[in-house]
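Could you have a look at this structure, given as structure tokens, before my questions?
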Amino acid sequence: MKIGYISTYPPTRCGIAEYTRFLVEAIYSISDYVKVYVFSDTYGKPIYPYIDGNCIVIPSFNPRAEGYYKELIASIDDVEDLDIVHIQHEYGIFHGDKCLIKLMRGLKKRNIPISITLHTVLHHNKGRRYVKLQREIAENADVVIVHSLLQEYELRAQGVDLRRIVRIPHGTKLLSDKVKADKEELGIPSDKAVLLTFGFLRRDKGLEDAIKVFRLLLREHEDVHLVIAGAPQTKEDILYLSKLTKIVMKGLPTKSYTMIRRYLPLEDLMKILSIADVILMLYKERPDHYSVSGVLHLAMGAGKPIVCSRSSRLIEYTELVPELVYYGRGIGELKILVERALYDEELREKATERIMEYAKKTSWERVSERHLELYAELMERRGLEIDFTLSAMSTLWRL
């Protein structure tokens, strides 16, 4: 089976790029009968195709350029006998409604089955333009993949045929037992309990609340240490982070927290996750946007208790461990939740058990199995010959 992904791809620093790499690696880990091409963005990449692991990366488009679909179609035409094209869609990447639809129509003319993952589904309150676009995307795709029930039924409410929609959870990277790190590597005393918040450092990540609750905890608990790890994503984020460190963190003892202000390679991130005792995800709601947090799945893969806000991006966790969900009733409420996550051993054990069960169910290997099964179904509908098998150890599953 020849699969073509249209997506950003590392070294581009974005969640979709990492998502696609995780998915591709997992597909190769479970099947010996696939060949994957990634028709990627051109940012930070050579002008010629290259090999990344087992897949062939073909830098093909600048998503901000007018008419980018022409470059993509040309690159796809250079690869013979693609069995499926899968678009990893995010509004921050694919600018210009007409270009995307022209791309999909061009693929349909070539009789290539089209799968598209809508990583963000916009609520109808965003306006008729986006309702029309999301309908057009669905009409031109063989299948639309979403990650959550909220996304699934929002599309249904907008008139998308439910039979075209398939829900596959976001994949989860499980923290390997081989990852070894200790707190002292980061200059943190080994007897400190680490509160971690990580990912792209933006205004909507609730960093102020994390710092405020940490300041409150320090008054009663000398054994806590805050780690903020990640990089700003835009110029606006850089200014926000500068203000945060100057004003919000002012007066905190410098040895009580660690700021790691850089983009973290996966290996470094896994080490930091391994030393965390509690993870804070105090996201602000983004009105009219339905998506699922990739950072949440990295956190769950580490099997650590998470204290999170009631954000639609975190809906999986709010259903999984409601005891540790912050309702936004004030820092006092948040302090109690963090203390429970740190010191209530019975709750920590229950939370960890539920988290790990869900993390294994949504592991990248299992999610990639569902993708391959779906691709085979699409090929069968088109009367195309299917030539792939999964490894003997894998079992196809339905969600």
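Any read-out appearing in this document is the output of simple, stated calculations on the displayed coordinates, not a laboratory observation. It should be emphasised that the depicted structure is a prediction, and the values quoted were computed from it without experimental measurement. Counting neighbours? That spans all protein chains shown, and the Cβs are built from the backbone with ideal geometry, glycine included.
What helices does the chain have that are whole DSSP H segments, at least 20 Å long along their own axis by Cα, and with mean Kyte-Doolittle hydropathy of 0.5 or more?
Qualifying helices: 15-30.
If each DSSP helix of 4+ residues adds -39,500 (n - 2.57) and the sum is divided by the residues in the chain, what number results at 222 nm, nearest 500 deg cm²/dmol?
Only helices count here, giving -12000 deg cm²/dmol.
If you don't mind, there's one more thing I want to ask. Which of the trypsin sites (Lys or Arg not before Pro) found in segment 125-180 are loop residues per DSSP with 15 or fewer other Cβ atoms within 10 Å of their Cβ?
Hits after loop and neighbour filter: 178, 180.
So what's the net charge close to residue 25: Lys and Arg +1, Asp and Glu -1, counting the other residues with Cβ under 15 Å from its Cβ?
Summing Lys/Arg as +1 and Asp/Glu as -1 gives -2.
For residue 126, what charge total do you get from the other residues with a beta carbon under 13 Å from its beta carbon, if Lys and Arg give +1 and Asp and Glu give -1?
Around residue 126, the surrounding residues sum to +1.
How big is the gap, in Å, between the Cα center of segment 139-170 and the Cα center of segment 210-283?
36 Å
Listed here are the pairs 180/255; 98/126; 126/361; which of them are more than 27 Å apart at the Cα?
Where the Cα-Cα span goes over 27 Å, the pairs concerned are 126/361.
Need one word for segment 187-275: rounded, prolate or oblate. Basis is the Cα gyration tensor (sqrt eigenvalues a ≥ b ≥ c); a/c below 1.5 gives rounded, then a/b vs b/c decides.
Note, shape of segment 187-275 comes out oblate.
Looking at segment 183-360, send over the antiparallel percent of its DSSP beta bridges, to the nearest 5.
Once the DSSP bridges in segment 183-360 are tallied, antiparallel ones form about 0 percent.
Rounded to the nearest 20 debye, what is the charge dipole size of segment 20-123 about its Cα centre when +1 sits on each Lys and Arg Cβ and -1 on each Asp and Glu Cβ?
400 debye
If you place +1 on the Cβ of every Lys and Arg and -1 on the Cβ of every Asp and Glu, how big does the dipole about the Cα centre of segment 47-88 come out, in debye to the nearest 20?
I would put it at about 260 debye.
I'd like the antiparallel share, as a percent to the nearest 5, of DSSP beta bridges with both residues in the chain.
Of all bridge pairs located within the chain, approximately 15 percent are antiparallel.
Springs between alpha-carbon pairs under 10 angstrom, Gaussian network model over the chain: which of 177, 344, 204 fluctuates most?
Top of the fluctuation ranking is 177.
Which three extents, in whole angstrom, do the alpha-carbon atoms of the chain cover along their principal axes, largest first?
Taking the Cα atoms of the chain, the three principal extents are 66, 47, 42 Å.
Cross-link candidates for residue 70: which aspartates and glutamates have Cα within less than 17 Å, leaving aside residues fewer than 8 places away along the same chain?
Answer for residue 70, where 17 Å is the Cα cut-off: 41, 78, 97, listed by chain and number.
Under 16 Å Cα-Cα from residue 335, which lysines qualify once same-chain neighbours fewer than 8 residues away are excluded?
Hits, sequence-local ones excluded: 212.
Counting only other residues whose beta carbon sits under 9 Å from that of residue 232, what net charge do I get with K and R as +1, D and E as -1?
Net charge in that neighbourhood comes out at +1.
Let me spell out the model: positive unit charges on the Cβ of Lys and Arg, negative unit charges on the Cβ of Asp and Glu, origin at the Cα centre of the chain. What dipole size does that give, in debye rounded to 20?
Taking the Cα centre of the chain as origin, the dipole is about 1480 debye.
Specify whether the C-alpha gyration tensor of segment 183-360 places it in the rounded, prolate or oblate class, a ≥ b ≥ c being the square roots of the eigenvalues: rounded for a/c under 1.5, otherwise prolate if a/b is larger than b/c and oblate if not.
rounded
Would you list which lysines come within 17 Å of residue 205, measuring only between C-alpha atoms, while excluding same-chain residues fewer than 8 positions from it?
List returned: 235, 243, 284.
Counting only GluC sites (Glu not before Pro) that are in a DSSP loop and have at most 12 other C-beta atoms within 10 Å, tell me the longest site-free stretch of the chain.
Answer from the scan: 223-384.
Pick out which of 341, 26, 181 has the largest mean-square fluctuation in a Gaussian network model of the chain, springs linking Cα atoms closer than 10 Å.
Maximum fluctuation in the GNM of the chain, among the listed residues, is at 181.
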